[in-house]
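The next block holds one structure in the form of structure tokens; read it before the comments.
The values are calculated or read from the model by the stated rules, or taken from the named source; none is laboratory data. What you see is a predicted model; the values in this text were computed from it and never measured. All Cβ positions, glycine included, derive from the backbone under ideal geometry; neighbour counts span all protein chains shown. Remember, those area values only see protein heavy atoms, side chains included, never the ligands or the DNA or RNA. Shrake-Rupley method; radii C 1.70, N 1.55, O 1.52, S 1.80 Å.
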Amino acid sequence: VLSPVTNISVTITNPDGTVVLDQGSCETAIPVSLDMLGRWTVEYNADGGNGLFSTQQRITFNIKDTTAPKIHVNGDVPSDAKTGEETTFPSAFVFDNVTQNCTYYIIIVEPDGMRRVAEGGKFTFTETGKHIVQYYAYDDAMNVARVSYEIFIS
């Protein structure tokens, strides 16, 4: 049972340990921007004012990155090529709302389903038929982006 003179305050700590609200009053709304991904802590403190009663309630919650990166290919991906000749694919930019410097890979899916990496954006095809060229990237939260093209090899 709380005393009628109980004071309740709230403290909010962001994932890097910075206190963004320190013993704020619960009597009025206080806007706090949740501008960082990770584990946040909200701590409620109740003090009866007479030194006999105090309690604390702590709640933690996680804000997760659920947005996949975006891939922009700089140019046209070839639609056909010949076996035995090296094919060069255009570079790409990857944009993400959180992760800086996302890496991308160019994956070649051969007609039998085998996947190969086009190292340095270059690949020499060894079989004829339809292949899939995938620009593939992921962010630190493992959200995946993929852009696919078909290429016919003769």
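Of note:
- Scanning region 108-128 for residues that are open to solvent by 30 Å² or more (accessible area, probe 1.4 Å) and assigned to a strand (DSSP E or B) yields a total of 5.
- Filtering region 12-42 to residues that are in a strand (DSSP E or B) and within 27 Å of the chain's Cα centre (by Cα) leaves 12, 13, 19, 20, 21, 38, 39, 40, 41, 42.
- Taking (1) within 33 Å of the chain's Cα centre (by Cα); (2) in contact (Cβ under 8 Å) with a residue 40 or more places away in the chain; (3) at positive phi in turn, residue 84 satisfies each apart from (1).
- Just so you know, in region 55-101 the residues that are part of a strand (DSSP E or B), open to solvent by less than 60 Å² (accessible area, probe 1.4 Å) and among the aliphatic types (A, V, I, L, M) include one that is modelled with the lowest pLDDT, and it is 63.
- Answer residue from region 8-33, given it is without any contact (Cβ under 8 Å) to a residue 24 or more places away in the chain and of a type in the set (Gly, Ala, Ser) and is surrounded by the most Cβ atoms within 10 Å (Cβ to Cβ) among those: 24
- Members of region 129-150 found to be touching a residue at least 40 places away in the same chain (Cβ under 8 Å), open to solvent by less than 60 Å² (accessible area, probe 1.4 Å) and either among the basic types (Lys, Arg) or part of a strand (DSSP E or B) (or both), listed by number: 133, 135, 137, 145, 147
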